[in-house]
Amino acid sequence: MNILVVLESNNGALHRLSREALVGAQELGDSIFALIIGNENEEILSELAGYELEKVITVKHHLLSSYSADGYSEVVRQVFISFSPDLIVIGHTYQTRDFIPRVSAKLDIPFIPDVISISDKGFIKQVLNAKLNATISNLDNAAIISFQSAAFNEEQLKLGSCSNESFDVSLVDSDIKSISEEPFQEEEGDVDLESAEVLVSVGRGIEKEENVTLAFELAKVINAEVSASRPVVDSGWVDSFRQVGSSGSNVAPKLYFSLGISGAIQHVVGMKGAKNIMAINKDADAPIFEISDYAVIGDVLEIVPKLIESLEQSK
Ligand SMILES: Cc1cc2nc3c(=O)[nH]c(=O)nc-3n(C[C@H](O)[C@H](O)[C@H](O)COP(=O)(O)OP(=O)(O)OC[C@H]3O[C@@H](n4cnc5c(N)ncnc54)[C@H](O)[C@@H]3O)c2cc1C
């Protein structure tokens, strides 16, 4: 299967979700073409040179000096027509949501967004507020698939080598009808949970607002960010941008430290990509333990202060 992976630059570096999309593509197909659009992608190109890919396609043009949905969708359309891949694969980022529906419309091929995994039967997507998984199979013609954050582990990218080809895109001023604003950034003081390497995540088991400071203290000692389950956010104990789950962020830290979180499916879908999960819960049957690497059965209000103290002493 020939796959075209459309990559994204994150301030000049390869976006994490693009790496994950490359892993998904490597699992799916044997011939991977990676497309990188824009004029300042040297760092990305040197990274890509070390991956097992058929080809890296670069597209530069003075009308692509900054992102626009019109320009990028037109590039993908032209590259698709030239290379005729069986599938377009991309990470499910803000930018993807902005321009890929246009690619789908221009090429008249389906866009299947937010896929969480692949099986031998097809592409798996969550439906009905993540209560059910649906498998989409029998795609007769080409399609576009976007992968949800943490659907694949970037560390599983196969290393190798690839060749480069520059693609001459045909663009004129009138193709670009919209001007994009600055890319979305977290506000100053907000945190980017999706990029955090260590998260201390607080759930309703913390019992009351005053106790949330324990999570912040622990996070400070282990150099982590604080995230939360929905009830903690709904109670106004932490800001909404810290919510993890189906109606919050999808995170994939190296360590997810869960304090008093039950492990409801709507929460788990947002953090199941964590490389290591350590959970404290006083209920031995809490569902969070089913996916935890380390389980501590006990009271967070007793354990966390002692943990903070001993971590501080060992500094
Ligand atoms: C449409 C929809 C979208 C949703 N989206 C999200 C979402 O994005 N994110 C999300 O998190 N939820 C979401 N939810 C809510 C979700 O279903 C759960 O209700 C929620 O995740 C539960 O949060 P919790 O684990 O903190 O609380 P609870 O389920 O109340 O669990 C608290 C846990 O703490 C333990 N505990 C209590 N006291 C202590 C203690 N002293 N020490 C140790 N452990 C203790 C308990 O044993 C329990 O397991 C959504 C629900 C719906 C319907």
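Within the stretch 184-200, restricting attention to residues that are exposed (fewer than 12 other Cβ atoms within 10 Å of the Cβ) and of a type outside the set (Asp, Glu), the residue that is modelled with the lowest pLDDT is Gly189. Picking from residues in the stretch 254-266 that are at pLDDT 95 or above and near the ligand (Cβ under 6 Å from one of its atoms), the one that is surrounded by the most Cβ atoms within 10 Å (Cβ to Cβ) is Ile261. Here Lys177 fulfils each of the conditions (1) assigned to a loop (DSSP other than H, G, I, E, B); (2) surrounded by 12 or more Cβ atoms within 10 Å (Cβ to Cβ); (3) modelled with pLDDT of 80 or more apart from (2). Annotation: of all residues in the stretch 34-92 being hydroxyl-bearing (Ser, Thr, Tyr) and within 20 Å of Glu154 (Cβ to Cβ), the one that is nearest to the chain's Cα centre (by Cα) is Tyr51.
Only a single criterion out of (1) touching a strand residue (DSSP E or B) at 6+ places or on another chain (Cβ under 7 Å); (2) modelled with pLDDT under 95 is not satisfied by Ser104, namely (2).
Look at the stretch 30-47: where a residue is more than 23 Å from Ser73 (Cβ to Cβ) and a partner is outside any loop (DSSP other than H, G, I, E, B) and among the aliphatic types (A, V, I, L, M), sitting 6+ places away or on another chain with Cβ atoms under 6 Å, you get Glu43/Ala13; Glu47/Leu14. Of the residues making up the stretch 1-17, those that are over 22 Å from Val169 (Cα atoms) and part of a loop (DSSP other than H, G, I, E, B) are Met1, Asn11, His15. The set of residues from the stretch 144-174 being of a type in the set (Lys, Arg) and surrounded by 14 or more Cβ atoms within 10 Å (Cβ to Cβ) is empty. If you go through the stretch 274-285 and pick out every residue that is small (Gly, Ala, Ser) and surrounded by fewer than 22 Cβ atoms within 10 Å (Cβ to Cβ), you end up with 1.
Just for the stretch 288-300: of the residues that are within 8 Å of the ligand (Cβ to nearest atom) and crowded, with 17+ Cβ neighbours inside 10 Å, which one is nearest to Thr213 (Cα to Cα)?
Here the residue is Val300.
When the stretch 263-312 is filtered for residues that are under 17 Å from Val226 (Cα atoms) and among the polar types (S, T, N, Q), only Asn276 remains. Starting from residues that are under 11 Å from Val304 (Cβ atoms) and buried (at least 19 other Cβ atoms within 10 Å of the Cβ), keep the ones in the stretch 202-211 and report whichever is nearest to the ligand (Cβ to nearest atom). Once the filter is applied, the top-ranked residue is Gly205. Scan the stretch 91-143 for residues that are surrounded by fewer than 16 Cβ atoms within 10 Å (Cβ to Cβ) and either aromatic (Phe, Trp, Tyr) or not assigned by TED's automatic domain parsing to the domain that holds Leu35 (or both) and the total you get is 1.
The values are calculated or read from the model by the stated rules, or taken from the named source; none is laboratory data. Computed from a predicted structure; not experimentally measured. Glycine also receives a Cβ, built like all others from the backbone with ideal geometry; neighbour counts cover every protein chain displayed.
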